[in-house]
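The values are calculated or read from the model by the stated rules, or taken from the named source; none is laboratory data. The structure presented is a predicted model; accordingly, all values stated were derived computationally and were not measured. A quick note on method: Cβ atoms are made from the backbone with ideal geometry, for glycine too, and the neighbour counts reach across all protein chains shown.
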Amino acid sequence: MALRVVISGASSGLGLALAQHYLQQGAQVAACARRADLLQNLSEQFPGQVYCYPLDVRDAAALQVAAQHFIAQAGVPDIVIANAGVSSGTLTEYAEDIHAFQQVMDINVMGVVKTFQPFIAPMRANASPVQGRPGGVLVGIASVAGFRGLPGAGAYSASKAALISYLESLRVELHGSGVSVVTLCPGYIETPMTAINPYAMPFILPVDQAARRIARVIAARKSFAVVPWQMGLVGHLLKRLPNWLYNRLLSRAKHKPRGLI
């Protein structure tokens, strides 16, 4: 039986690459994103496999309607990937950046909550832990940037740190239900979001390769993973640096340009 997969932010970047990966495997994909024209292009490439939902993940009502429609048409999803996210260079000293902070937090954190919420009850009901039938996988795309606060990226780092904690809470809440929660922390991936970064990006991955690696993590239902694994070592090293050394090293780092991507 073909997989049923829901992906937010599916019109470009990692979300598009993940959608294409699963579609090439014959999956039925609910593609959610703000740009209807790009979703339509994806649908035309894979006739009969794509359910297009032009929406903003900040709109809980729209996500509810999309979830109900997809479940009615295709069935309860096997995988829900909350991938939609934005990055922004932000500096707290600028009053005009307050709006950017709010947008990043609303999309990167609350957008995940709103994406997952309509699917949890149906996925739990569809599970049968006693019979060994799993109830699907909820996948949150966090980031290594959530391991420690990065200069010039206070909003993005804070949103991803909050997301990592939220996903851990959700994983514990759903323990024993048959529904798995996977926290994925990508490093650098070749997408429009990273294209303007004015600094070196170690271990950067082509987006299609990143999608394949992430799909393997999801299939294995790993509770937490960094892709690529080398960035996990970098992230854990940064977490262990004493504050005085972290301050000295990172205060000299180049910042992402201010403004939403």
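Restricting the range 2-28 to residues that are over 16 Å from ARG213 (Cβ atoms) and not aliphatic (A, V, I, L, M), the residue that is surrounded by the fewest Cβ atoms within 10 Å (Cβ to Cβ) is GLY26.
When the range 56-95 is limited to residues that are among the small types (Gly, Ala, Ser), in contact with a helix residue (DSSP H, G or I) (Cβ under 6 Å, 6 or more places away or on another chain) and assigned to a helix (DSSP H, G or I), the one that is surrounded by the most Cβ atoms within 10 Å (Cβ to Cβ) turns out to be ALA67.
Filter the range 47-68 for residues that are of a type in the set (A, V, I, L, M, F, W, C), touching a residue at least 24 places away in the same chain (Cβ under 8 Å) and farther than 10 Å from GLY111 by Cβ and give the result. Within the range 47-68, VAL50, ALA66, ALA67 qualify. Between ALA145, ALA155, the distinction of being of a type in the set (A, V, I, L, M, F, W, C) and either out of contact with any strand residue (DSSP E or B) (no Cβ under 6 Å at 6 or more places or on another chain) or part of a loop (DSSP other than H, G, I, E, B) (or both) belongs to ALA145 only.
Filtering the range 238-261 to residues that are part of a helix (DSSP H, G or I) and in contact (Cβ under 8 Å) with a residue 12 or more places away in the chain leaves LEU238, LYS239, TYR246, LEU250.
The rows are residues; the columns are (1) at pLDDT below 95; (2) crowded, with 20+ Cβ neighbours inside 10 Å; (3) under 16 Å from ALA100 (Cβ atoms).
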{"site": "VAL112", "(1), (2), (3)": "no, yes, no"}
{"site": "GLN117", "(1), (2), (3)": "no, no, no"}
{"site": "ALA121", "(1), (2), (3)": "no, no, no"}
{"site": "SER128", "(1), (2), (3)": "yes, no, no"}
{"site": "GLN131", "(1), (2), (3)": "yes, no, no"}
{"site": "GLY140", "(1), (2), (3)": "no, yes, no"}
{"site": "LYS160", "(1), (2), (3)": "no, yes, yes"}
{"site": "LEU163", "(1), (2), (3)": "no, yes, no"}
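So ALA27 passes all but one of these: (1) among the small types (Gly, Ala, Ser); (2) within 16 Å of ASN83 (Cβ to Cβ); (3) touching a Phe, Trp or Tyr at 6+ places or on another chain (Cβ under 8 Å). Which condition number does it fail? Every listed condition holds for ALA27 apart from (3).
Table: residues versus (1) out of contact with any strand residue (DSSP E or B) (no Cβ under 8 Å at 6 or more places or on another chain); (2) of a type in the set (A, V, I, L, M); (3) more than 28 Å from GLY178 (Cβ to Cβ).
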position	(1), (2), (3)
ILE7	no, yes, no
ARG34	no, no, yes
GLU44	yes, no, yes
GLN73	no, no, no
THR92	yes, no, yes
ALA100	no, yes, yes
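Exactly one residue out of HIS255, HIS236 is at pLDDT 85 or above, of a type outside the set (A, V, I, L, M, F, W, C), out of contact with any helix residue (DSSP H, G or I) (no Cβ under 9 Å at 6 or more places or on another chain) and more than 18 Å from LEU18 (Cβ to Cβ), and it is HIS236.
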